[in-house]
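Accompanying notes for the structure given below.
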Amino acid sequence: MGKGEVANRIRRLRFDHGEMTQQDLAIKVGCTRQTIIALEQSKYVPSVTLAFQIAKAFGVTVEDVFQYEEK
Amino acid sequence: MTPQQKRAWYGLAIGIIWTLAMVALFVIKGATALDEDTGMRFTAYAMFAAGVLAYVAMLYVTGWRMRREGVIMDERDRLILRKVPVYQMGAVLVTLAAWSIILTEVYHEEGQVPVVFPTLMFFSAIIVNIVFASAGTLIAYWSDEQHGQG
């Protein structure tokens, strides 16, 4: 299996949820704003726990937020 | 900037001021004065202890203030901070290697080193360890921001 990348739609989902700020999302899921920034820039892949917490914050499934893309 | 980066900048500032103050004391009085002058010896011990206390106080105060503002450390911070001991240990080992090589070369003929140097080696190892706890944190965050974690 080739090297893959985990993409996400966090930025899109934030705007779809009343332009939720990065800080608001960070507080909801219990992380720092800088981690949300790193996630949106695809510089950080979250743990399974954080991925579920983010999906729950938006009321969607993990697959709706994170996608595995094979390179 | 994450709360841990802010804390590292404060720690680095304390470490640099502390280092400069200790170096200034030994430059002005001379390293051997630690042996001969009791007042100088207690001043050096007091400055060393003051630096450690200032650093620990900074950790408590910033931790207390940041906790009131929200999350101060999350899973990403923990992953990044796992690299810091590598920088700390590397810096301390380089410091001790430098002391060993320099003292061996300078005092080789005499076959012994003045009794002041073990104290100076101890001071420098602790100072470098604390300074690189902060500098290592900043380097680790910088590295993460440049390369990410995949």
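Read-outs throughout are calculated quantities, based only on the coordinates presented, and are distinct from any laboratory measurement. Values in this document were obtained by computation on a predicted structure and should not be read as measured data. As a convention, Cβ positions derive from the backbone with ideal geometry for all residues, glycine included, and neighbour counts pool all protein chains shown.
Treating the beta-carbon of each Lys and Arg as +1 and of each Asp and Glu as -1, no other charges, what is the dipole magnitude of the protein assembly as shown about its Cα centre, to the nearest 20 debye?
The calculated dipole for the protein assembly as shown is roughly 780 debye.
Find which of B:TYR60, A:ASN8, B:LEU12 sits farthest along the positive direction of the dipole of the protein assembly as shown, computed with +1 on the beta-carbon of Lys and Arg, -1 on that of Asp and Glu, about the Cα centre.
With unit charges placed on the Cβ atoms, the residue in question is A:ASN8.
Using only helices, what value at 222 nm comes out for chain A when you add -39,500 (n - 2.57) per DSSP H run of length 4 or more and divide by the total residues, to the nearest 500 deg cm²/dmol?
Only helices count here, giving -14000 deg cm²/dmol.
Is the stretch B:64-150 rounded, prolate or oblate when judged by the Cα gyration tensor, a ≥ b ≥ c being the square roots of its eigenvalues, rounded requiring a/c under 1.5 and prolate requiring a/b larger than b/c?
Here the stretch B:64-150 falls in the prolate category.
Counting alpha carbon pairs within less than 8 Å and at least 6 residues apart, what relative contact order, in whole percent, applies to chain A?
For chain A, the relative contact order is 48 percent.
Could you go through the stretch B:130-145 in sequence order and give the Karplus-derived ³J(HN,Hα) for each residue, using 6.51 cos²θ - 1.76 cosθ + 1.60 with θ = phi - 60°, rounded to whole Hz, and x for Gly and Pro?
6, 4, 7, 5, 7, 4, x, 4, 5, 5, 4, 5, 4, 4, 5, 5
With charges set only on the Cβ (+1 for Lys and Arg, -1 for Asp and Glu), what does the dipole of chain B come to about its Cα centre, in debye to the nearest 20?
Using Cβ point charges on Lys, Arg, Asp and Glu, chain B gives about 760 debye.
Please give the helix B:3-29 orientation as an angle from the longest Cα principal axis of chain B, in degrees from 0 to 90, rounded to the nearest 10.
Its long axis makes an angle of about 10 degrees.
Which of the lysines could a cross-linker span from A:LYS43 if the Cα-Cα distance has to be under 22 Å and same-chain partners fewer than 8 positions apart are dropped?
Candidates past the 8-residue exclusion: A:LYS3, A:LYS28, A:LYS56, A:LYS71, B:LYS6, B:LYS83.
In 5 Å bins starting at zero, report the fraction of Cα pairs in the stretch B:1-147 per bin as a rounded %.
Going from the shortest bin to the longest, the percentages are 1, 9, 16, 18, 17, 13, 10, 7, 5, 3, 1, 0.
Send over the semi-axes of the protein assembly as shown's equivalent ellipsoid, whole angstrom and largest first, taken as the square roots of 5 times the C-alpha gyration tensor eigenvalues.
Three semi-axes, in Å: 48, 20, 10.
With unit charges on the beta carbons (Lys and Arg positive, Asp and Glu negative) and the dipole taken about the Cα centre of the protein assembly as shown, which residue among A:GLN67, A:LEU25, B:TYR87 sits farthest to the positive side?
Looking along the dipole axis, the top candidate is A:LEU25.
Alpha carbon centre of the stretch B:68-114 versus the stretch A:34-69: separation in Å?
Here the two parts' Cα centres lie 36 Å apart.
Among B:ALA125, B:PHE26, B:THR104, pick out the residue whose Cα is farthest towards the positive end of the charge dipole of chain B, where Lys and Arg carry +1 and Asp and Glu carry -1 on C-beta, about the Cα centre.
B:ALA125
Using only the Cα atoms of chain A, what do you get for the radius of gyration and for Dmax, in Å?
Cα radius of gyration and Dmax of chain A are 11.7, 39 Å respectively.
Could you work out, residue by residue across A:44-57, how many beta carbons of other chains sit within 10 Å of that residue's beta carbon, and then give the average as an integer?
So the per-residue partner count for this stretch is 2.
Rounded to the nearest 20 Debye, what is the dipole magnitude of chain A about its Cα centre when Lys and Arg each give +1 and Asp and Glu each give -1 at the C-beta?
Approximately 180 debye in magnitude.
Below 8 Å between Cα atoms, with a sequence gap of 6+, how large is the relative contact order for the stretch B:38-150 in percent?
37
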